Amino acid sequence: MLGLENWTLARPEIFLAAASALLLLYGVLRGEASATFVSYASALALLVTAVLLFMPFRDGTAFANLFVADRLTATMKALVLIGSAIAILMSRGYFERVRVWRFEYPLLVALATLGMMLMISANDLMSLYVGLELQSLALYVVAAFQRHTVRSTEAGVKYFVLGSVASGMLLFGASLIYGFCGGTAFVQISKALLDGKAAEIGVVIGLVFVVAGLAFKVSAVPFHMWTPDVYEGAPTPVTALFAVAPKIAALSLTVSVLMGPFKPLFVQWQQVIVAAALMSMALGAFAALRQNNIKRLMAYSSIGNVGYVLLGLASGTEKGIQSVVFYLAIYMVMTLGVFAVILLMKRKE
């Protein structure tokens, strides 16, 4: 039987899951008339979840080391929750104008946010994948939420197809690592690498596939190809969400994976991260010069910002990770502010 400590550490996630389930039931019973109430209630549930992370704060591992809670994960979760709540509140006016305001939208965002929280707290390759897919499946739907327009539907299909490829790469890498290290838990992987498994080529190949899958999720070059098309085609509030919450969650996960179990392979992955950072900064800056669509411009801005964040990770130091957190906090405020202005510009055509 699982101890009470397990449930206490996962209290914010349990609260958000329960709140989402109750709001879904309310929305189904009330129908479309419930959309406004569900949106405000979902945003409130996300903010209450952010408060639960720190009152009182607890750290440790739970559920047989599948789940970890510490200061870094709590801070990243708070950024994701605040970003998602603001994205929901920003979206109502837009969706009412285009007449697709439905109660499912805020609930899908809340469930995607739950997946992001599980990703951030993952302490095992399996819990990492479950959190990643919970986030992705909800985001595939919201990308195509404006389903009567071809561009939104196309954005959803592109995101789904390329996201599935990235998930497959990540799973293949995880299976290689499991085969060579004898476990999927981050502690087991770290111990196996320290015991000499790092020299085996299979582990390095597995790490390459895992990094490629994560690079797709953060839209780092050369795995950025989906970003401009999906940002342009998705409804503007959805693009605002994509640019903030999933990005922060995926970058936090990348930091946890590379600085945790794969720290013994630092020399191998550092050069890959540096190359991805330099290419992302260069492409984000120069490709943006040719854009005449503001959402595609923001997509390349997002790619460039990922490059700056990856430099902090490439340092491999505690100061570097602190700089990543600080940069992401500023990035969240800046990006939501820009998209709020873009949404205001859209009024009266």
Can you give me the % of accessible surface on the chain that is carbon or sulfur? Probe 1.4 Å, all protein chains present, nothing else counted.
69
Under the rule of -39500 (n - 2.57) per DSSP H run of 4 or more residues, summed and divided by the residues of the chain, what mean residue ellipticity at 222 nm is obtained, to the nearest 500 deg cm²/dmol?
-26500 deg cm²/dmol
Round to the nearest 10 and give me the degree value, 0 to 90, for the angle of helix 266-287's Cα axis relative to the longest principal axis of the chain.
30
Averaged per residue, what accessible area in Å² does the chain show with a 1.4 Å probe, protein chains only?
42
Cα-Cα longer than 20 Å, checked against Lys217/Lys295; Lys77/Lys191; Lys77/Lys263; Lys217/Lys319; Lys77/Lys295, kept in input order, equals Lys77/Lys191; Lys77/Lys263; Lys217/Lys319; Lys77/Lys295
Nearest 10 degrees, 0 to 90: helix 125-143 Cα axis against the chain principal axis
20
Relative contact order computed over the chain (Cα-Cα under 8 Å; 6+ residues apart), in percent:
16
Averaged over all viewing directions, the convex hull of the alpha carbons in the range 1-95 casts a projected area in nm² of 7.1
In degrees, nearest ten, helix 318-345 long axis to first principal axis of the chain (Cα)
20
Using a simple spin-label model with points 7 Å from Cα along the Cα→Cβ vector, what separation in nm is obtained for Asp70 and Met55?
2.6
At what distance in angstrom do the alpha carbon centres of the range 270-349 and the range 156-177 lie from each other?
23
Please list, ordered by chain and number, the residues whose modelled amide H lies under 5 Å from the amide H of Phe67; skip anything fewer than 5 residues away on the same chain.
Ala62, Asn123
By average C-beta atoms within 10 angstrom, highest first, the peptides 16-25, 86-95
86-95, 16-25
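The values are calculated or read from the model by the stated rules, or taken from the named source; none is laboratory data. Note that the coordinates shown come from a computational prediction; the quantities given were computed from them, not determined experimentally. Ideal geometry is used to build each Cβ from the backbone, glycine not excepted, and the neighbour counts take in all protein chains shown. Calculation scope for accessible area: heavy atoms of the full protein, side chains included, ligands and nucleic acids excluded. Shrake-Rupley method; radii C 1.70, N 1.55, O 1.52, S 1.80 Å.
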